[in-house]
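Taking it in order: structure first as structure tokens, then the write-up.
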Amino acid sequence: MSVFAAFFIAYLWDFGSDRAGFVAEASHLVVALGLANALVLLTSSFLVVRAVQTHRSGGDPRAALAGALVLSACFAVVKVVEYTLEIGDGHTLTSSTFFTYYYALTGLHLMHVAIGTLLLVTWRRSVRPGGRRVSTRFVEGAAGYWHMVDLLWILIFSFVYIGSHA
């Protein structure tokens, strides 16, 4: 969270210094893709909440976790599509300050989605028949991590996709 906080502070500082440049560059983003990813992650967080509730009650959270894992893959696919569109239009990591932040923030976030996905896979495997059961502490830690990833995307979406258009 501290790394993202530092990026957000730097982003907002530079945005304030070059509002017109950021607005011009942000206009190239496909906001609908960012919104789709926000909805995907919010839905996945709901499924993770359901999985925690089921796990606590002694039930089988595999269906809810499978749904969250499918949505994490959807997030990654949408991000790859978005990167492909932006790079195809000549918007690379070094094309502008805005796109440097865009790729740094969204790439770092995508890495955290991958880590969260591994945590959810570990949890899901632990509850299958014959699996090595993980502790409630692990379950709640994995869920908390997943919600942090979701919250970070909401902030990225707010600053980069919406705020940069204002």
Any residue at all in the range 24-41 that is more than 25 Å from F98 (Cα to Cα), of a type outside the set (D, E) and open to solvent by 40 Å² or more (accessible area, probe 1.4 Å)?
no
Determine, yes or no, whether L93 is closer than 22 Å to V23 by Cα, out of contact with any Lys or Arg (no Cβ under 8 Å at 6 or more places or on another chain), not in a helix (DSSP H, G or I) and not hydroxyl-bearing (S, T, Y).
yes
Residues within the range 76-113 that are free of Cβ contacts under 8 Å to residues at least 40 places away in the same chain, surrounded by 14 or more Cβ atoms within 10 Å (Cβ to Cβ) and closer than 30 Å to V127 by Cβ, tallied
2
Checking R132 against (1) surrounded by fewer than 18 Cβ atoms within 10 Å (Cβ to Cβ); (2) in contact (Cβ under 8 Å) with a residue 40 or more places away in the chain; (3) not acidic (D, E), only one condition comes out false. Which one?
(2)
Quick one: is F22 of a type in the set (A, V, I, L, M, F, W, C) and in contact with a Ser or Thr (Cβ under 6 Å, 6 or more places away or on another chain)?
yes
So for the range 31-43 (the condition being in a helix (DSSP H, G or I), of a type outside the set (D, E) and over 25 Å from H165 (Cα atoms)), does at least one residue qualify?
yes
Does the range 103-121 contain any residue that is modelled with pLDDT of 95 or more and more than 20 Å from W146 (Cα to Cα)?
yes
Tally the residues that are part of a helix (DSSP H, G or I), more than 28 Å from W146 (Cβ to Cβ) and not charged (D, E, K, R), restricting the search to the range 1-30.
9
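The values are calculated or read from the model by the stated rules, or taken from the named source; none is laboratory data. This structure is a prediction, so every number in the text was calculated from the model and none was measured. Reconstructed Cβ throughout: ideal geometry from the backbone, glycine too, with neighbour counts over all protein chains shown. Accessible surface areas use protein heavy atoms only, side chains included; no ligands, DNA or RNA. Shrake-Rupley method; radii C 1.70, N 1.55, O 1.52, S 1.80 Å.
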